[in-house]
1. Please go through the stretch 38-76 and give me each residue that is of a type in the set (G, A, S) and farther than 16 Å from A15 by Cα, ordered by number.
2. Quick one: which of L47, L56 is surrounded by 16 or more Cβ atoms within 10 Å (Cβ to Cβ) and touching an Asp or Glu at 6+ places or on another chain (Cβ under 9 Å)?
3. Which count do you get for residues in the stretch 59-71 that are open to solvent by 40 Å² or more (accessible area, probe 1.4 Å), touching a strand residue (DSSP E or B) at 6+ places or on another chain (Cβ under 9 Å) and touching a residue at least 24 places away in the same chain (Cβ under 8 Å)?
4. Filter the stretch 68-82 for residues that are part of a strand (DSSP E or B) and under 20 Å from D7 (Cα atoms) and give the result.
5. Which condition does S37 not pass, out of (1) surrounded by 13 or more Cβ atoms within 10 Å (Cβ to Cβ); (2) at pLDDT 95 or above; (3) at positive phi; (4) not basic (K, R), if it passes all the others?
6. Would you check which residues across the stretch 28-58 are assigned to a loop (DSSP other than H, G, I, E, B), closer than 21 Å to R73 by Cβ and free of Cβ contacts under 8 Å to residues at least 40 places away in the same chain and list them?
7. Looking only at the stretch 1-34, count how many residues are open to solvent by less than 70 Å² (accessible area, probe 1.4 Å), out of contact with any Phe, Trp or Tyr (no Cβ under 9 Å at 6 or more places or on another chain) and at pLDDT below 90.
8. Please specify each residue of the stretch 72-85 satisfying the condition of being of a type in the set (D, E) and either in contact (Cβ under 8 Å) with a residue 24 or more places away in the chain or open to solvent by 90 Å² or more (accessible area, probe 1.4 Å) (or both).
Amino acid sequence: MLRTPTDTTRLRILAWLKEPGRAADGVTADAVAERFSIPRPAAVTHLRLLEATGMLCTSRSAGRVRYHRDDTRIAEVARMFEKGW
């Protein structure tokens with residue numbers, strides 16, 4: 001996840017998912033692609049990396065994968081960085 005620190009897309013996705021409506025409902029890869037004006041495959045890559053690191057979890061709704069923040073995991077990662085990981 002940290003390989004491309006100059007690309008803030010993943011941080012922007014996490015921030016967007018913190019918004020009240022998004023937090024409850026989650027988002028699809030299509031919604032991320034549209035919101036950040038990136039190709040769907042790029043959105044899927046970002047979302048899968050965030051999921052692999054545990055910062056996002058998924059659910060299925062109407063046959064579509066929806067991504068949600070895992071605020072507990074995000075807080076753990078933030079603490080690691082604060083401690084100088």
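1. Correct list: A42, A52, S59, S61, A62, G63.
2. On the way: L47 fails: touching an Asp or Glu at 6+ places or on another chain (Cβ under 9 Å).
On inspection, the qualifying residue turns out to be L56.
3. Narrowing the stretch 59-71 to residues open to solvent by 40 Å² or more (accessible area, probe 1.4 Å): 59-66, 69-71.
Cutting the leftovers down to touching a strand residue (DSSP E or B) at 6+ places or on another chain (Cβ under 9 Å) gives us 59-60, 65-66, 69-70.
If we keep only those that are touching a residue at least 24 places away in the same chain (Cβ under 8 Å) as well, we get 59, 65-66, 69.
Final tally of qualifying residues: 4.
4. R69
5. The one condition S37 does not meet is (1).
6. First, pick out the residues of the stretch 28-58 that are assigned to a loop (DSSP other than H, G, I, E, B): 28, 37-39, 53-55.
Retained after the next criterion (residues that are closer than 21 Å to R73 by Cβ): 28, 53-55.
Selection gives T28, G54.
7. The total comes to 6.
8. Of all residues in the stretch 72-85, those of a type in the set (D, E) come to 76, 82.
Across the stretch 72-85, the qualifying residue is only E82.
The values are calculated or read from the model by the stated rules, or taken from the named source; none is laboratory data. Every value quoted in this text rests on a predicted model; they were computed, and no experiment measured them. Here Cβ is always computed from backbone atoms with ideal geometry, including for glycine, and neighbour counts include all displayed protein chains. Surface accessibility is based on the protein's heavy atoms, side chains included, excluding ligands, DNA and RNA. Shrake-Rupley method; radii C 1.70, N 1.55, O 1.52, S 1.80 Å.
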